[in-house]
Amino acid sequence: MKFLIIPIVWIVAAISAYADYESLVAEGDVHDKKAETELALKFYLPAEKLEPNHADLLVKIARQYALRVSDLPKDADKIKSCRTALVYAERSAKLAPEECDPHLSIAICLGKLTPFLSGNEKIEASRRIKESAERAVKIDPKNDYAWHLLGRWHQALANIGGGTRTLAKLIYGGLPAASNAEAIVCFKKAITLNPKRLIHVVELGRTYAMMGQTEEAKKIIRQGLAMPNREKDDPETKQRGQKTLDEIS
């Protein structure tokens, strides 16, 4: 029986690389929790070079590129960052198709990209958001953000204009069932799972506003605006909520 003799220097190098990978990811996580996207990337990207096929790391990188969009001044840079985020999310989903986070990441990245797309591109992105959010919910029904994104899909499609609605019918082959009522169900589910995430509350209130239920909308949006900021995009969410509140007041 022959034994494979591995040079000790190879073993040491492999152990060292793994240790470097773990430390880089750990340091990136520290900055991720502080919403320091650029600093997080300075550690996550070198870690990716050491271990390019870790689905969870690719999700972390996609998250940074998606979140940093609000810090970029030019639309061209925002679009580039969104598309880079989407590439990482899609790579992650190919590596771990049975995990929730990669599919959730795809939906999030597409949601960030959608405002910069043309009409037919927006509808195509909407189709993919729905597919990814539904896949995420099916894999992990307790993921609050997966329910949130499904709610946002219902909210967006239920309130599109006539021209976009026609495009949607062409791309979907018939308009999918989407309603503000279903959006309400999804947002309430998300709040039940994570009541501290203010984006769920604000979007629930905004949906009531879209339904013409003004008093309920005001109450819930104000509740969301009073919650402390915990995530990087919370200030942006509050701006969206305040705008709706101003419109219905």
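With respect to Lys60, determine if the residue is free of Cβ contacts under 8 Å to residues at least 12 places away in the same chain and more than 25 Å from Leu157 (Cα to Cα). No: the conditions fail for Lys60. Looking across the stretch 92-125 at every residue that is without any contact (Cβ under 8 Å) to a residue 40 or more places away in the chain and assigned to a loop (DSSP other than H, G, I, E, B), the one that is surrounded by the most Cβ atoms within 10 Å (Cβ to Cβ) is identified as Leu117.
Scanning the stretch 120-150 for residues that are closer than 15 Å to Glu98 by Cβ, within 13 Å of the chain's Cα centre (by Cα) and not small (Gly, Ala, Ser) yields a single hit, Asn143.
Just one of the listed residues (Ala66, Ala35) is touching a Cys at 6+ places or on another chain (Cβ under 7 Å) and not charged (D, E, K, R), and it is Ala66.
Scanning the stretch 208-234 for residues that are touching a residue at least 40 places away in the same chain (Cβ under 8 Å) and loosely packed, with under 12 Cβ neighbours inside 10 Å yields a total of 0. Are any residues in the stretch 21-61 of a type in the set (Gly, Ala, Ser) and loosely packed, with under 15 Cβ neighbours inside 10 Å, and if so, which ones? Listed by number, the residues that qualify are Ser23, Ala26. A single member of Ala89, Ala85, Ala136 is of a type in the set (Gly, Ala, Ser), touching a Cys at 6+ places or on another chain (Cβ under 6 Å), surrounded by 20 or more Cβ atoms within 10 Å (Cβ to Cβ) and over 26 Å from Glu38 (Cα atoms), and it is Ala136. The set of residues in the stretch 193-203 that are touching a residue at least 40 places away in the same chain (Cβ under 8 Å) and assigned to a helix (DSSP H, G or I) comprises Leu193, Leu198, Ile199, His200, Glu203.
Given the criteria farther than 18 Å from Asp233 by Cα and modelled with pLDDT under 95, does Tyr44 qualify? No; evaluated as a whole, the condition is false for this residue. Can you spot a residue in the stretch 18-36 that is at pLDDT below 90 and not β-branched (Val, Ile, Thr)? Scanning the stretch 18-36 turns up at least one residue that is at pLDDT below 90 and not β-branched (Val, Ile, Thr).
So that you can scan it fast, the table gives a plain yes or no per residue for (1) over 17 Å from the mean Cα position of the chain (by Cα); (2) not charged (D, E, K, R):
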{"residue": "Asn194", "(1), (2)": "no, yes"}
{"residue": "Arg197", "(1), (2)": "no, no"}
{"residue": "Val201", "(1), (2)": "no, yes"}
{"residue": "Leu225", "(1), (2)": "yes, yes"}
{"residue": "Pro228", "(1), (2)": "yes, yes"}
{"residue": "Gly241", "(1), (2)": "yes, yes"}
{"residue": "Asp246", "(1), (2)": "yes, no"}
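Scanning the stretch 62-82 for residues being within 12 Å of Ile106 (Cα to Cα) and either aliphatic (A, V, I, L, M) or surrounded by fewer than 22 Cβ atoms within 10 Å (Cβ to Cβ) (or both) gives a total of 2.
The values are calculated or read from the model by the stated rules, or taken from the named source; none is laboratory data. Worth saying up front: this structure is predicted, and the values here are computed from it rather than measured. Ideal geometry is used to build each Cβ from the backbone, glycine not excepted, and the neighbour counts take in all protein chains shown.
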